[in-house]
Amino acid sequence: MITVIAEAFGAVAVVLNFVGYRQVNVDRYLFISAFALLALSAHFFLLDAMAAGIGTLLAGTRNFIAMKYRNKAILLAFVAGNMGFLAYEWFVLAHSWIIFVAYASSLIFTVGSLVIRDTDKIRKVFLVAESLGLIYAISVGSIFGTVFNISNLISIVSKLREAPKT
């Protein structure tokens, strides 16, 4: 039953994030994406994939904050949060090395969301982060995490191809 609930949260995340990546306004993207990330966080926590659960929980929270605040203190707080949880998982919980992939993805999303304001640039940076997220989702056996990342990669590439070249 837990797996069904986890995958339901994953399905909601996929739909919301597909809508989010289709936005042309960065703040609208961040808002919709925040809800998708929170749904994905629940998905990963229910699958006992702690690194992705924490990373996406931080990311959803970060997206809400990034709509209003984009300063170095916020950036440093989220980077420190990611690094702190990574250290906790690695040194205290002795989780597998694959958590480094999840946290690298989370850090790229963090820096991109808080620093970049251009939708084409943010999509290009997020290609790397989504690819890392895909590797992690596959490694933990997350069906909708995998679908989430693949659909996001397709959405990013299609939007980049649509973008007018200046």
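What the table below lists for this structure:
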{"read-out": "Subset of the range 4-14 that is surrounded by 20 or more Cβ atoms within 10 Å (Cβ to Cβ) and touching a Phe, Trp or Tyr at 6+ places or on another chain (Cβ under 6 Å) - its residue that is modelled with the lowest pLDDT", "value": "14"}
{"read-out": "Answer from 17, 82, 25 - the residue that is modelled with pLDDT of 90 or more and either touching a helix residue (DSSP H, G or I) at 6+ places or on another chain (Cβ under 9 Å) or small (Gly, Ala, Ser) (or both)", "value": "82"}
{"read-out": "Members of the range 28-47 that are among the aliphatic types (A, V, I, L, M) and either in a helix (DSSP H, G or I) or out of contact with any helix residue (DSSP H, G or I) (no Cβ under 9 Å at 6 or more places or on another chain) (or both)", "value": "30, 32, 34, 36, 37, 38, 39, 40, 42, 46"}
{"read-out": "Residues of the range 139-165 classified as more than 14 Å from residue 106 (Cα to Cα), free of Cβ contacts under 8 Å to residues at least 24 places away in the same chain, surrounded by 15 or more Cβ atoms within 10 Å (Cβ to Cβ) and of a type outside the set (Ser, Thr, Tyr), total", "value": "1"}
{"read-out": "Candidate set: the range 24-44, residues that are surrounded by fewer than 20 Cβ atoms within 10 Å (Cβ to Cβ) and free of Cβ contacts under 8 Å to residues at least 24 places away in the same chain; chosen: the one nearest to the chain's Cα centre (by Cα)", "value": "32"}
{"read-out": "Which listed residue is in a helix (DSSP H, G or I), crowded, with 18+ Cβ neighbours inside 10 Å and modelled with pLDDT under 90, from 60, 112", "value": "112"}
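Residues are listed down the side, and each one gets a yes or a no for (1) in a helix (DSSP H, G or I); (2) within 17 Å of residue 17 (Cα to Cα); (3) among the polar types (S, T, N, Q); (4) at pLDDT 95 or above:
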{"residue": "88", "(1), (2), (3), (4)": "yes, no, no, yes"}
{"residue": "91", "(1), (2), (3), (4)": "yes, no, no, yes"}
{"residue": "103", "(1), (2), (3), (4)": "yes, no, no, yes"}
{"residue": "117", "(1), (2), (3), (4)": "no, no, no, no"}
{"residue": "126", "(1), (2), (3), (4)": "yes, yes, no, no"}
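The values are calculated or read from the model by the stated rules, or taken from the named source; none is laboratory data. Keep in mind the model is a prediction, meaning the values are calculated, not measured. Note: ideal-geometry Cβ built from the backbone for every residue, glycine included; neighbour counts use all protein chains shown.
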